[in-house]
1. Testing Ser180 on (1) more than 15 Å from the ligand (Cβ to nearest atom); (2) open to solvent by 50 Å² or more (accessible area, probe 1.4 Å), one condition comes back false. Which one is that?
2. Closer than 21 Å to Leu225 by Cα and open to solvent by less than 20 Å² (accessible area, probe 1.4 Å) - does that describe any residue in segment 153-165?
3. Name the residue, out of Ala76, Ala115, Ala102, that is within 16 Å of Ile62 (Cα to Cα) and of a type outside the set (Asp, Glu).
4. Out of segment 26-59, which residues are surrounded by 21 or more Cβ atoms within 10 Å (Cβ to Cβ), in contact (Cβ under 8 Å) with a residue 40 or more places away in the chain and not in a strand (DSSP E or B)?
5. Output the residues belonging to segment 168-200 that are of a type in the set (Asp, Glu) and farther than 30 Å from Gly125 by Cβ.
6. Kindly indicate whether Asp23 is closer than 23 Å to Pro191 by Cβ and at pLDDT below 95.
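The values are calculated or read from the model by the stated rules, or taken from the named source; none is laboratory data. Computed from a prediction, not measured in an experiment: that's the story for all the values here. All Cβ positions, glycine included, derive from the backbone under ideal geometry; neighbour counts span all protein chains shown. Quick note on the areas: whole protein, heavy atoms, side chains included, nothing else; ligands and nucleic acids left out. Shrake-Rupley method; radii C 1.70, N 1.55, O 1.52, S 1.80 Å.
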Amino acid sequence: MSDPSQQLWHPESYAARGRFVSDLGAPVLELLDPRPDERVLDLGCGDGALTEQLVARGARVIGVDASSAMVAGARARGLDARMLDGQALTFEAAFEAVFSNAPLHWMLEPERVIAGVHRALVPGGRFVAELGGHGNVAAIHGALERALIARGLTAPRDTFFPTPEHYGGLLEAGGFKVESIALIPRPTPLPGDIGDWITTFAHGFLAPLPPEERPDLVAEVALALRHQLFGVDGIWRADYMRLRFRAIRQEAAQP
Ligand code: BEZ
């Protein structure tokens, strides 16, 4: 597999360093309000931690994820998980709801995502999701970008963090009625230090460097961020800003 994320999104390391992402999924699950027996697509299901909660509520769930390792992790939980790019969904009127917690900011072609979700839903079906919104991890990405520029390197553009106006507009143009959409500041306590977060979630910023130079960059960035993100309680907090929305599929997408 040529996509480096295939090696980087690994269920075991994710469970150790990224479990907080699914642990913080309760509000978006509540916004979805899954009902027994309805068909739900978990878009970007990762290792299936939230998919499992949807199943526990009685929904009939299919999870899709672009990482084969994550799909294997979800299947190991006994879930119906399939390897599929969220930008190339192939379902037709197959679900009452599409749910997504956190992966949408990796999908740089949101129009394709929204078109695929529209096709996947029955009319009146709901699309409920949370992703990084405008300003998400701005301090962390800013410090990483400065460290790369100082080395004559270019920062990646591998995530996008839209405003409510931007994503809401895309949803409306794609045939959805937006019931709610809002930015939610959520400084997030990390299970480890900021270096662990960078190596788990910011691999694109490390990729331009030879492996032996990465620890120095991570240490330099951690030092630069310490005054802003390291609390007097000894806990690192990531400067997360979530964008959470609930949208209803209309009869047909706008031309
Ligand atoms: C996030 O969940 O906000 C996030 C994940 C990876 C990179 C940047 C942000």
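1. Result: Ser180 fails condition (2) only.
2. Yes, that holds for at least one residue.
3. On the way: Ala115 fails: within 16 Å of Ile62 (Cα to Cα); Ala102 fails: within 16 Å of Ile62 (Cα to Cα).
Of Ala76, Ala115, Ala102, the one residue that is within 16 Å of Ile62 (Cα to Cα) and of a type outside the set (Asp, Glu) is Ala76.
4. Val28, Leu32, Pro34, Gly44, Gly46, Leu50, Leu54
5. Asp193, Asp196
6. yes
Matching residues to (1) among the charged types (D, E, K, R); (2) at pLDDT 95 or above; (3) over 30 Å from Glu213 (Cα atoms):
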position	(1), (2), (3)
Ala97	no, yes, yes
Gly116	no, yes, yes
Leu121	no, yes, yes
Arg126	yes, yes, yes
Glu130	yes, yes, yes
Val137	no, yes, no
His141	no, yes, no
Gly152	no, yes, no
Phe161	no, yes, no
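Okay, residues lined up against (1) open to solvent by 70 Å² or more (accessible area, probe 1.4 Å); (2) modelled with pLDDT of 95 or more; (3) within 30 Å of Gly169 (Cβ to Cβ); (4) outside any loop (DSSP other than H, G, I, E, B):
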| position | (1), (2), (3), (4) |
| --- | --- |
| Leu209 | no, yes, no, no |
| His227 | yes, yes, no, yes |
| Gly234 | no, yes, no, no |
| Phe245 | no, yes, yes, yes |
